[in-house]
Structures are given as C-alpha cells and as structure tokens.
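Novice: Here it is: the structure, laid out below.
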Amino acid sequence: MKTYKIKLSDGNTSEVQALSEKQARSEMMHRFASMNVMGIKPPEILEVIEDEESN
C-alpha cells in the first residue's frame, strides 16, 4: 500500500491508502458518493500525488 495525497477544489488535502493512483482516485470518488447521498456537494479532485515521505 502507498499513501496518496489528493488535492481538492475546496482547498483541502486528503490522504488515501491505495495500491495505485487509480485506486486512490476511486476511493475518493466512493467517499464523495456517500456525501452526495447526504445532499452535500463534494469538491472536485484536482490532483493525486504519491506521498514520497510516507512510502
């Protein structure tokens, strides 16, 4: 597992543990889907960066 930092359009950065950048992006989209269900508009994913320090 690698750690990926995901920059969001709301100015926040989120960390995700995943095997690949694609999986990290999918995990974030999954989290956003549950926000959508609650009526919260999720931010956009701007960038997915592998966290060199954590890996």
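Novice: Which of the GluC sites (Glu not before Pro) found in the chain are in a DSSP loop and have at most 12 neighbouring Cβ atoms, other than their own, within 10 Å?
Specialist: GLU44, GLU52, GLU53
Novice: Taking the Cα centre of the chain as origin, sum charge times position over the Cβ atoms of Lys and Arg (+1) and Asp and Glu (-1), and report the length of that vector in debye to the nearest 20.
Specialist: Dipole about the Cα centre, nearest 20: 280 debye.
Novice: Can you give the local net charge around SER20? Use residues other than it whose beta-carbon is closer than 14 angstrom to its beta-carbon, Lys and Arg +1, Asp and Glu -1.
Specialist: Residues close to SER20 contribute a combined charge of -1.
Novice: If you don't mind, another one. May I ask you to compute the full-extension gain from ASP10 to GLU53, defined as 0.36 nm times their residue separation minus their alpha-carbon distance, rounded to one decimal in nm?
Specialist: So the extension gain works out to 13.1 nm.
Novice: Now a separate question. Sort VAL48, VAL16 so the one with the fewest other Cβ atoms within 10 Å of its own Cβ comes first.
Specialist: VAL48, VAL16
Novice: First select every other residue whose beta carbon is under 15 angstrom from the beta carbon of MET35; then total the charges, Lys and Arg +1, Asp and Glu -1.
Specialist: -1
Novice: Can you give the calculated 222 nm mean residue ellipticity of the chain, where each DSSP H run of n ≥ 4 adds -39,500 (n - 2.57) and the sum is split over every residue, rounded to the nearest 500 deg cm²/dmol?
Specialist: Result for the chain, helices only: -10500 deg cm²/dmol.
Novice: For labels at GLN17 and ALA33 in the simple 7 Å Cα→Cβ model, what's the distance in nm?
Specialist: Label-label distance for GLN17 and ALA33, simple model: 2.1 nm.
No lab work stands behind these numbers, since they all come straight from the coordinates. Keep in mind it's a predicted model, so treat the numbers as computed, not measured. Every residue, glycine among them, receives a Cβ derived from its backbone with ideal geometry; neighbour counts consider all protein chains shown.
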